[in-house]
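Derivation of every value follows stated rules applied to the coordinates shown; laboratory data play no part. Fair warning: this is a prediction, and the values are worked out from it, not measured in the lab. Neighbour counts run over all protein chains shown; Cβ positions are idealised from the backbone, glycine included.
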Amino acid sequence: MSLSENQPGARRRPRDVAAAIAAAAIAMLGTSMVLAPAASADNVDSISISAPSTADEGDTITVTVPVDSATDLYAYELTVSYDPDLLSYDADSAAFPEGGHDTAIEGTDTLTFAHTRLGTSPGLDGEQMLVTFTMTVLDGGAATITLEDASFLDSAGESTALVEPTSAEIALTAAPAPSPTTSSPSPSASTSPATSTPTPTQSASTDTAPSSDPETGSLPSTGGNVIPFLIAVPLIALGAFLIIRNKKEAVQ
């Protein structure tokens, strides 16, 4: 697109940052700039912004702002807008034409790039890459990177401005969501087969003699009433003693 301050719809900035940078640079160097008449009022022709048409979340994309033809381009300022929910500017990634002074300022959803030649350096001519920078893809969606505004200054102090914004569209793909982790359900107590250890039935046979308590030496109780037994034993012994004594007396 052709740029001219006399074209209908052309926007001029209230304060040309690029011109201020150039003036400050000249003042710091303490040199006088050789001003040559502008070769053309349209010192920049066919400016655009380009980026990959597709990208995935986590990718780094390269954005460029080229011009097909520049004539005595001494300084310029570019304003680029983007969606900060989808893209993030990679700090210190901006690259400019060699020679001169560069500035990159990051806003909430805009980037401002400025470049100026220094001292008696000639302006840029021919095909130029005004700025190259990188961004990181944050999420999926339709992203638009727009060159919203631009101002250009030649060595004679004549300025032109961007007639209308130009954009690059990018289709961004979000990273796939992680699949949920599945685990085999553990069998519940109600569904697991019941297992039981058979308890041996204690034999009630009288052939097995009860064992004695190792500490007391007494016979364990079998659960029956032992009092009659304890009474009967002495009585039987007493009866036997009396029978034997009577027999002895009879013999004598």
At 1.002 mPa s and 20 °C, Stokes D of segment 74-143 from Kirkwood alpha-carbon radius, µm² per second: 160
For segment 94-127, which GluC sites (Glu not before Pro) are both in a DSSP coil and crowded by at most 14 other Cβ atoms within 10 Å? GLU98
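At a Förster radius of 45 Å, what calculated FRET efficiency corresponds to the Cβ-Cβ distance of THR103 and ALA177, to the nearest 0.05?
On the way: r = 40 Å, r/R0 = 0.90.
That pair, THR103 with ALA177, gives E of 0.65.
Kindly work out what percent of the DSSP beta bridges joining two residues of segment 41-173 are antiparallel, to the nearest 5. Before the final figure, lay out the partial values.
Details: 49 of 52 bridges.
Around 95 percent antiparallel, to the nearest 5.
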Taking the Cα centre of segment 69-188 as origin, sum charge times position over the Cβ atoms of Lys and Arg (+1) and Asp and Glu (-1), and report the length of that vector in debye to the nearest 20. 420
